[in-house]
1. Pick from segment A:124-159 the residues that are part of a loop (DSSP other than H, G, I, E, B) and without any contact (Cβ under 8 Å) to a residue 24 or more places away in the chain: which of them is nearest to residue A:363 (Cα to Cα)?
2. Please go through (1) without any contact (Cβ under 8 Å) to a residue 12 or more places away in the chain; (2) assigned by TED's automatic domain parsing to the domain that holds residue A:361; (3) assigned to a loop (DSSP other than H, G, I, E, B) for residue A:285 and return the number of the only condition it doesn't satisfy.
3. Among the candidates A:226, A:184, A:140, single out the residue that is at pLDDT 95 or above, more than 26 Å from residue A:85 (Cα to Cα) and under 19 Å from the mean Cα position of the chain (by Cα).
4. Determine whether segment B:97-113 contains at least one residue that is more than 10 Å from every other protein chain (Cβ to nearest Cβ), more than 28 Å from residue A:145 (Cβ to Cβ), in contact with a helix residue (DSSP H, G or I) (Cβ under 9 Å, 6 or more places away or on another chain) and exposed (fewer than 15 other Cβ atoms within 10 Å of the Cβ).
5. Can we say residue A:63 is surrounded by fewer than 22 Cβ atoms within 10 Å (Cβ to Cβ) and away from every other protein chain (no Cβ under 14 Å)?
6. Test residue B:127 against the stated conditions and say whether it is more than 30 Å from residue A:150 (Cα to Cα) and more than 14 Å from chain A (Cβ to nearest Cβ).
7. Determine whether segment A:81-96 contains at least one residue that is surrounded by fewer than 22 Cβ atoms within 10 Å (Cβ to Cβ), within 12 Å of chain B (Cβ to nearest Cβ) and in a helix (DSSP H, G or I).
8. May I ask you to say which residue of A:183, A:221, A:203, A:196 is touching a helix residue (DSSP H, G or I) at 6+ places or on another chain (Cβ under 7 Å) and either within 23 Å of residue A:366 (Cβ to Cβ) or not in a helix (DSSP H, G or I) (or both)?
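The values are calculated or read from the model by the stated rules, or taken from the named source; none is laboratory data. Keep in mind the model is a prediction, meaning the values are calculated, not measured. Glycine gets a Cβ as well: all are built from the backbone with ideal geometry, and neighbour counts include every protein chain shown.
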């Protein structure tokens, strides 16, 4: 696809130049040189040259298209521009490029990743189950990002515990590969397609009918992106938020209400891409009081960076602002449902604590729910 | 007809400027023969080598990676090699997760006076890789 085709294909010509996108954009907040409106305007006028400044700072969170009156698909437009730009510019990778390399290395058909090494004996796994827990990159985060949070493996463990409590014994793909979400948004089509095919084939060969995931990016990849490569996957994709909300509504999960006041950070892939806004809130309301931040739901603000590229002090500023917004609600805990939001916000909380007037604990929805379940069980055992 | 050459592993050896690189130099000056499979990359300190660089080597077609630095206490930058030791522990974990296996990455301390040790370290590692065979390559890998 050439540059002009990209602008045409994603309806840039419909732009009326109102600038709502730039107002909503996290990347525009970070860099004066990046503005969705300007990118579209200059692209249509043939100005601005081939290179878009700060092209990699777009987090493809979709806030721009959420507020757009004209229906411009700006995130996909950026993706198209990136697939052209990656011919001669390399994005600045965060964390030494380790997590980007994990995506590329796991796509090698001859490597058998051993990403299921986090399983503990108390977790019930059934290798013949039709329902598979797709874990994603969290086991790698646990190594590369341990200096930010050392409890990241609790995410997959909690997810299995909760599924077990709901009567589901999931299977795991013992050599699961990266879902390819980041490769897709970085415009690396070849890598994304390879990963999509490999993951889909592995699941299909194993006879998997349903995939459950606690990572919104994996959910978005399986549900919305894989069909672009393989057609109908024939596999139902559910997020833990949906599974838990259903379980709670059906009375299958016994969770005692707590005193904590929590607030919720909507992960962009979950709220804007997959469209899940209410279910995680239902889960959190069943655990205690939920106080939403002013910017929440589909109008929520992104955690600052995505795809493990282009993280710097401006991203931290966005995160610190978000943490202050969370604290201002009077909540004790900021809950999120995405491992990346968890890592990014925890990083800001840890390394920029001096800029925060009051601090909130940052927790994952599954971990919090599973802990409450444990507490509930141990108290009912005692009584 | 030319004979098919036996498979030779491709090894990247990151050598610190002050000790291991000088050790490799000594091995050369002393005419110590060592495996030609190794490609030496000189870095100012072993702690320059982060997980990203090591994974990139495997991604681009290396079968093994060596990180060679100064003995503890001898680091030109006081504690670079100790930092590297901590970092390599993490890379080992990553290599296990990825299915590459931690034995394809070695960390050794070699001083400027240990030309013989450099040669034998390289030879032992190359022999190990020869017994393990080639690492699976990406379809577009070099």
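1. Initial filter on segment A:124-159 (part of a loop (DSSP other than H, G, I, E, B)): A:124-130, A:135-137, A:145-153.
Still in the running and without any contact (Cβ under 8 Å) to a residue 24 or more places away in the chain: A:146-147, A:150.
Numbers: A:146: 15, A:147: 16, A:150: 12 Å.
The extreme case among them is A:150.
2. Condition not satisfied by residue A:285: (3).
3. Details: A:226 fails: more than 26 Å from residue A:85 (Cα to Cα); A:184 fails: more than 26 Å from residue A:85 (Cα to Cα).
A:140 is the lone residue from the list that is at pLDDT 95 or above, more than 26 Å from residue A:85 (Cα to Cα) and under 19 Å from the mean Cα position of the chain (by Cα).
4. Within segment B:97-113, one or more residues are more than 10 Å from every other protein chain (Cβ to nearest Cβ), more than 28 Å from residue A:145 (Cβ to Cβ), in contact with a helix residue (DSSP H, G or I) (Cβ under 9 Å, 6 or more places away or on another chain) and exposed (fewer than 15 other Cβ atoms within 10 Å of the Cβ).
5. Details: surrounded by fewer than 22 Cβ atoms within 10 Å (Cβ to Cβ): no; away from every other protein chain (no Cβ under 14 Å): yes.
No; evaluated as a whole, the condition is false for this residue.
6. yes
7. yes
8. Numbers: A:183 fails: either within 23 Å of residue A:366 (Cβ to Cβ) or not in a helix (DSSP H, G or I) (or both); A:203 fails: touching a helix residue (DSSP H, G or I) at 6+ places or on another chain (Cβ under 7 Å); A:196 fails: either within 23 Å of residue A:366 (Cβ to Cβ) or not in a helix (DSSP H, G or I) (or both).
Being touching a helix residue (DSSP H, G or I) at 6+ places or on another chain (Cβ under 7 Å) and either within 23 Å of residue A:366 (Cβ to Cβ) or not in a helix (DSSP H, G or I) (or both) holds for just one of A:183, A:221, A:203, A:196, which is A:221.
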